1. Please report, ordered by residue number, the strands (runs of 3 or more DSSP E) entirely within the stretch 28-125 with at least 2 residues that are open to solvent by less than 80 Å² (accessible area, probe 1.4 Å) and within 30 Å of residue 212 (Cα to Cα).
2. Tell me, which residue of the stretch 278-316 that is aromatic (Phe, Trp, Tyr) and part of a helix (DSSP H, G or I) is surrounded by the most Cβ atoms within 10 Å (Cβ to Cβ)?
3. Quick check on the stretch 146-163. Is at least one of its residues part of a strand (DSSP E or B), open to solvent by 40 Å² or more (accessible area, probe 1.4 Å) and in contact (Cβ under 8 Å) with a residue 60 or more places away in the chain?
4. Quick check on the stretch 202-242: of everything there that is of a type in the set (A, V, I, L, M, F, W, C) and open to solvent by 70 Å² or more (accessible area, probe 1.4 Å), which residue is modelled with the lowest pLDDT?
5. Within the stretch 186-200, how many residues are assigned to a helix (DSSP H, G or I) and either within 14 Å of residue 132 (Cα to Cα) or open to solvent by 10 Å² or more (accessible area, probe 1.4 Å) (or both)?
6. Can you find even one residue in the stretch 172-183 that is part of a strand (DSSP E or B), open to solvent by less than 30 Å² (accessible area, probe 1.4 Å), under 17 Å from residue 133 (Cβ atoms) and among the aromatic types (Phe, Trp, Tyr)?
7. Of all residues in the stretch 1-19, count the ones that are surrounded by fewer than 18 Cβ atoms within 10 Å (Cβ to Cβ) and either at pLDDT 60 or above or not in a loop (DSSP other than H, G, I, E, B) (or both).
8. Quick check on the stretch 243-277: of everything there that is of a type in the set (D, E, K, R) and assigned to a loop (DSSP other than H, G, I, E, B), which residue is least open to solvent (accessible area, probe 1.4 Å)?
Amino acid sequence: MIVVLNTHIRNGMKLSDVMIEQSAFVEGRSILDNALISIEVIHALKRKTQGRRGELALKIDISKAYDKVDWGFLPGVLTKMGFTEVWIWWVMMCVSSVNYSILMNYERVGPISPSRGLQQGDPLSPNLFILVTEGLTSLIHQAVGRGDLHGVRICRGAPEVSHILFADDCFFFCRANVAEVHELMRILHTYEQASGQEINLAKSEVFISRNMSPVDKEELSRILGVKQVLGTGIYLGLPSMIGRSKKTIFSYIKDRIWKKMNSWRGCALSKAGKEVMIKSVLQAIPSYIMSMFILPSSLIDDIEKMLNAFWWSGGNNNNNINNNKSIHWLA
């Protein structure tokens, strides 16, 4: 079923003006913008303990997002966005020229011509996928304009946030009632039928404000078909909710550093090689998280001890990385 969505996009409009909620591959946008907005909204929902009107945040996971883009849907979106027929034909020639061959019992079978999918690794594919997701954005905007959906405001005078996108990482916000939840699911189902995308509900999560009763939360979670969580886990590599024990929340940073050092155990690294590995790889792991959060000093001390132990460990024997038996000096 191919549904051409009625996007309200005028000819000649800049893509940066259209993709208000999209931050991937858009000039002047940053991945940290989406992470900051999601963290602030989740924090506002967590602090909301009074009032009759509840709100929720839904994070969805799209299965094989690039591989399932329908080739009949893509030109329809490009046409609505005002691209010329010649340019659309060029794009579709690049997309649909791929074919596959397989070996079965040492015999070549094919070529097999697919009918959907964007080639991963192609520099054009990420931008085409973003244009595809504009169909979903258009449906959300139409529902908000009709009053069927309402976004979340973290305070008085703040802008209303209905959804934020970073390529296929999607966050949706609406009021926690049966009508709006059904409307949101209808929009997602329409987008699935039109674009060929498939939402993996098993990996999706919902967080509902604390002023809702447990019974209502269970009912909304059942309608959405997703699990209800205390927070929304990791979004764009950053935790969406910070509790009291920051060291526990950010403990996965130590685990990532330890796994990386453990993978080098069998390598005969010189001092120069270790220095390059520490400065270019290990020290870069917490840099992205530190651009948003202030890590606990105790966690930083533990990471520093691990790096010192790795630096002073001799030869291929890195067993003392964790127990720090080598003698080292701190400059």
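The values are calculated or read from the model by the stated rules, or taken from the named source; none is laboratory data. Here the structure is a predicted model, which is why all the values come from computation and not from measurement. Positions of Cβ are backbone-derived with ideal geometry, glycine not excepted, and every protein chain shown enters the neighbour counts. The accessibility values were calculated without ligands, DNA or RNA, using every heavy atom of the protein model including side chains. Shrake-Rupley method; radii C 1.70, N 1.55, O 1.52, S 1.80 Å.
1. 55-63
2. Filtering the stretch 278-316 for residues that are aromatic (Phe, Trp, Tyr) and part of a helix (DSSP H, G or I), the one surrounded by the most Cβ atoms within 10 Å (Cβ to Cβ) comes out as 310.
3. no
4. 230
5. Here the count works out to 9.
6. yes
7. The total comes to 3.
8. Within the stretch 243-277, the match that is least open to solvent (accessible area, probe 1.4 Å) is 265.
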